[in-house]
There are 2 protein chains.
Amino acid sequence: MFETFRKYLEDKIALTDQDYELIKSVSSFKKLRKRQYLLQAGDVCRFNAFVCKGFLRYYYADEKGQEHIMQFVPENYWTGDRESMDSGLPSKYNIDAIEDSEILLLKKEDFEMIRKTIPAFNNFVNDTLRKNIVVLQERIHVSISFSAEEKYSNFILKYPSIGNRVPLHMIASYLGVSAETLSRVRSQSTKK
Amino acid sequence: MFETFRKYLEDKIALTDQDYELIKSVSSFKKLRKRQYLLQAGDVCRFNAFVCKGFLRYYYADEKGQEHIMQFVPENYWTGDRESMDSGLPSKYNIDAIEDSEILLLKKEDFEMIRKTIPAFNNFVNDTLRKNIVVLQERIHVSISFSAEEKYSNFILKYPSIGNRVPLHMIASYLGVSAETLSRVRSQSTKK
DNA sequence: CGATTCTTTGAAAACAGTCAATCTGTGTGG
DNA sequence: CCACACAGATTGACTGTTTTCAAAGAATCG
């Protein structure tokens, strides 16, 4: 499982074997079955999670039981509730597995330790944060400007692989549209 | 103008006079009149901008001429188009002044230089990025889950001072709601 | 298979957007 | 100091989009 993570890192930065040993020494691993929680609302988030294999979702469940997906997390992506991690307060979000998954976990403190010890890793994390901001901003743009139909076609264009991998009602939830509307929107657009 | 920035930094991190000298030596300043652009779509963004005084907006103008506000930027906040800055490509966004403003500008390269030279500054920037992500994420949550009315009351609750400072139609644009709808929503909610 | 999850469809209702007109307040130039 | 222009807010009538609820079909999985 660590090998996947190592390959991911090798692609981005140049680290020594010693660096990898350090990282490995503080990594822990977790297998999740489909539907299993990685983080449940009410828990404090203490980990940065890296998906080696599988597929997670990061979502909010409101009072009416409706779920609003904040993030899809396929292999080679990070997740975790930064807010809860920084504050030490319980999370309002849930993270669970959409597919059987293999997760690498780095405790907050270990993660910070790695950043301090390995400058290249620190730079890489900063870069990743910056890119993440661009992505979130783009999503806000879509969210405040686009109709349901535009949101859907934009999503399919941008994340074709996710489109094939998750049920339609989850894409609806991610886009902030009802499942019925998205079903109609999609049948419209395939007619063209 | 630099004094405002210095006070802002002193509040967050401990720097030496020498550090401040360094920062000051690469800072440039700009006064903007109301309605004046700091960045116009099509330009490449080369600066990180810090608002010392006044109020900016960061927005997208679509083909129909409609404006979608991505960010309000009051004093003591940063702005700039990260995407354009990282890629070197023209920006799709505009930044202009809602009030007469005073801006401190740090060229991309100088900003990076400061980060490399002053570790505390680097840490501070990273922290700011992290917090920014939390804020953006929260906005996405609101955007995909809330009705127009909930969006408005949430906004007023969270940013009461901005509510008094910008015209209603700009709040509407920020929330992704038409100005007319927001006007109705508001008159409803004041009746209660 | 039987159960569950997912998708589709229909009809009604709620919600939000558009267009146009009016009203308000503000500030600028004569 | 007034008149006028202008930006902003409000209102009404209408249209269009999206949600909701309910039911029925697919598809998938143990």
Handout entry: region A:115-192-region B:1-63 distance, computed between alpha-carbon centres (Å)
Key = 31 Å
Practice task
May I ask for log10 I(q)/I(0) of region A:37-192 at q = 0.09, 0.15 Å⁻¹, from a Debye sum over the Cα atoms as equal point scatterers with solvent left out?
Solution key: -0.33, -0.89
Exercise for the section: Work out from phi, with θ = phi - 60° and the Karplus expression 6.51 cos²θ - 1.76 cosθ + 1.60, the ³J(HN,Hα) of each residue of region A:21-30, listed in order in whole Hz, and give x for Gly and Pro. Expected result: 4, 4, 4, 4, 5, 10, 7, 10, 10, 8
Fill in the blank from the handout: Inter-copy distances for A:N123, label 7 Å out on the Cα-Cβ vector, sorted ascending, nm, one decimal, are 2.0
Completion exercise
Within the protein assembly as shown, the percent of DSSP beta bridges that are antiparallel, given to the nearest 5, stands at 95 percent
Problem - Radius, Kirkwood style, for the protein assembly as shown when every pair of distinct Cα atoms is counted (Å) - result: 22.7 Å
Completion exercise
Per the charge dipole of the protein assembly as shown (beta-carbon charges, Lys/Arg positive, Asp/Glu negative, Cα centre), the residue among B:G80, B:V177, B:S187 reaching farthest to the positive end is B:S187
Exercise for the section: Distance check, please: which entries in A:K24/A:K53; A:K107/B:K131; A:K64/B:K151; B:K31/B:K64 exceed 21 angstrom between their Cα atoms? Expected result: B:K31/B:K64
Exercise for the section: May I ask for the net charge around A:F29, where only other residues with Cβ less than 15 Å from the Cβ of A:F29 are counted and Lys, Arg are +1 while Asp, Glu are -1? Expected result: +2
Handout entry: Angle in degrees between helix A:179-191 and the longest Cα principal axis of chain A, rounded to the nearest 10
Key = 70 degrees
Problem - Note, ³J(HN,Hα) from phi for region A:132-142, Karplus 6.51, -1.76, 1.60, rounded to Hz, x at Gly and Pro - result: 4, 4, 4, 5, 5, 4, 4, 5, 5, 4, 4
Handout entry: Inter-chain Cβ neighbour average for residues A:140-151, partner chain, 10 Å
Key = 5
Handout entry: Label-point separation, A:E138 to B:R6 (7 Å along Cα→Cβ), nm
Key = 4.1 nm
Fill in the blank from the handout: In whole Hz, the Karplus estimates of ³J(HN,Hα) for region A:36-41 (6.51, -1.76, 1.60; θ = phi - 60°; x where Gly or Pro) are 7, 7, 9, 9, 10, 3
Problem - Spatial extent of region A:2-117: Rg and Dmax, with the Cα atoms as the point set, Å - result: 14.6, 50
Fill in the blank from the handout: With the label set 7 Å along Cα→Cβ, B:S187 is separated from its counterparts in the other copies, in nm and shortest first, by 3.9
Handout entry: Whole-number percent relative contact order across chain A, with pairs defined as alpha carbons under 8 Å at least 6 apart
Key = 23 percent
Exercise for the section: Within 10 Å of each residue's Cβ, count the other Cβ atoms and sort B:T16, A:T79 from fewest upward. Expected result: B:T16, A:T79
Practice task
One decimal, nm, shortest first: give the distances between the label point of B:K64 and those of the same position in the other copies, each label point 7 Å from Cα along Cα→Cβ.
Solution key: 2.6
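Every number in this text was worked out from the coordinates using simple rules, so none of it is lab data. These numbers were taken from a predicted model, which means no experiment stands behind them. Cβ: placed from backbone, ideal geometry, glycine included. Neighbour counts: every protein chain shown.
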